[in-house]
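> My questions all concern the structure below.
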Amino acid sequence: PEYRGNGYLATLDPPLISPQAAARLAAWPTEPGRLAVVFTNRPSRRPSGPGGTPEAEIGLERLGLTSLPYVAMSHLDWLAGQRGLDEQSLIKPSPVHVLAALRRALGDSLVESLEAAGRLGLDHVDDGGWAPLHGSHTTVFEDSFRGLRSARAAQAALEGITVHMTLDLRGVTTLPAKRAALEAAG
């Protein structure tokens with residue numbers, strides 16, 4: 001049935017970062033040499049055509065991070081469909097998720113980012129667009145061990161084409177059990 005009004009995510013799901021921290025994150029890429037992107041396993045609008053549940057978009061709005069590019073579950077499901085793969089096969093912990101996010105951070109369009117990530121992460125083909133990441137320092141703030149694994153796998157894929165980046169993984173949680181899972185993932 002149709003639900004009218006704002007849903008739980010927009011009204012009651014508590015942000016785990018302060019408005020001040022969110023503002024600092026949103027301002028980060030305004031400085032030269034700094035990039036930022038959000039990658040999430042939340043559903044989102046599809047990159048083309050109708051469909052998709054805009055949970056990622058609602059979450060970004062709730063946090064005040066709508067200025068940042070993002071890559072979400074429905075984007076990767078779209079790419080999986082384009083390649084004849086099962087839905088959710090390319091989300092975290094797949095390297096394709098973080099690779100697409102890195103290309104979004106570099107300024108590529110969503111579809112360009114997804115396609116480039118698929119070429120590298122699945123086909124091991126370098127399209128030449130990864131070079132700006134060489135020598136970079138990448139910090140990943142993540143609330144799931146799958147995201148940390150995805151980041152490490154993306155780093156390995158980039159190493160395979162001699163693009164070396166330093167990876168700094170930061171687990172974010174308030175739950176002891178989740179903390180243990182994040183620590184175990186590095």
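The values are calculated or read from the model by the stated rules, or taken from the named source; none is laboratory data. Please read all numbers here as calculations on a predicted model, not as lab measurements. As a convention, Cβ positions derive from the backbone with ideal geometry for all residues, glycine included, and neighbour counts pool all protein chains shown. Accessible surface areas use protein heavy atoms only, side chains included; no ligands, DNA or RNA. Shrake-Rupley method; radii C 1.70, N 1.55, O 1.52, S 1.80 Å.
> Please work out the Kirkwood hydrodynamic radius for region 1-111, using every pair of different C-alpha atoms, and report it in angstroms with one decimal place. Mind dumping the intermediate values first?
On the way: mean 1/r = 0.0668 Å⁻¹.
It works out to 15.0 Å.
> Counting Lys +1, Arg +1, Asp -1, Glu -1, what net charge surrounds A184 among other residues with beta carbon under 11 Å of its beta carbon? Can you show the working numbers first?
Values: positive: R149, K178, R179; negative: E183.
My count for the surroundings of A184 gives +2.
> Continuing with the same structure: Can you pull the Rg over Rh of region 33-85, Cα-only, Kirkwood? Numbers along the way, then the final one.
Values: Rg = 11.8 Å, Rh = 11.6 Å.
Expressed as Rg/Rh, it is 1.02.
> Continuing with this model, one more query. Kindly state, to the nearest 0.05, the FRET efficiency for Q82 paired with T53, given R0 = 22 Å and r defined as their beta-carbon distance. Don't skip to the answer; put the middle values down first.
Numbers: r = 20 Å, r/R0 = 0.89.
Taking R0 as 22 Å, the efficiency between Q82 and T53 is 0.65.
> Within the chain, which whole H helices from DSSP have a Cα span along their axis of at least 27 Å and a mean Kyte-Doolittle hydropathy of -0.5 or more, if any?
Details: long enough: none.
Flagged H segments: there are none.
> So, R0 is 30 Å and r is the distance between the beta-carbons of H137 and R62; what FRET efficiency does that work out to, to 0.05?
On the way: r = 29 Å, r/R0 = 0.96.
The formula returns an efficiency of 0.55 here.
> Sticking with this one: What range in the chain is the longest one free of trypsin sites (Lys or Arg not before Pro) that are in a loop by DSSP and have at most 11 other Cβ atoms within 10 angstrom? Could you put the intermediate results ahead of the total?
Values: sites that count: R4, R34.
Excluding the exposed sites themselves, the longest stretch runs over 35-186.
> Which percent of the accessible area of the chain is formed by carbon and sulfur heavy atoms (probe 1.4 angstrom)? Let's see the in-between values first.
Working: 5380 of 10190 Å².
Roughly 53 percent of what the probe reaches on the chain is carbon or sulfur.
> Compute from the Cα atoms of the chain the Rg and the Dmax, the latter being the longest Cα-Cα distance, and quote both in angstrom.
16.3, 52
> What number, rounded to the nearest 500 deg cm²/dmol, is the helix-based mean residue ellipticity at 222 nm of the chain, given -39500 (n - 2.57) per DSSP H run of at least four residues and division by all its residues? Don't skip to the end; give the middle numbers.
On the way: 8 runs with 81 residues, N = 186.
After summing the helix terms and dividing by the residues of the chain, the value is -13000 deg cm²/dmol.
> Based on the Cα atoms of region 109-174, what semi-axes does the equivalent ellipsoid have, where each is the square root of 5 times one gyration tensor eigenvalue, given in whole Å with the largest first?
Numbers: eigenvalues 96, 39, 22 Å².
They are 22, 14, 11 Å, listed largest first.
> Work from the charge dipole of region 61-183 (Cβ charges, +1 for Lys and Arg, -1 for Asp and Glu, about the Cα centre) and give the residue of L175, L110, V98 farthest towards its positive end.
L175
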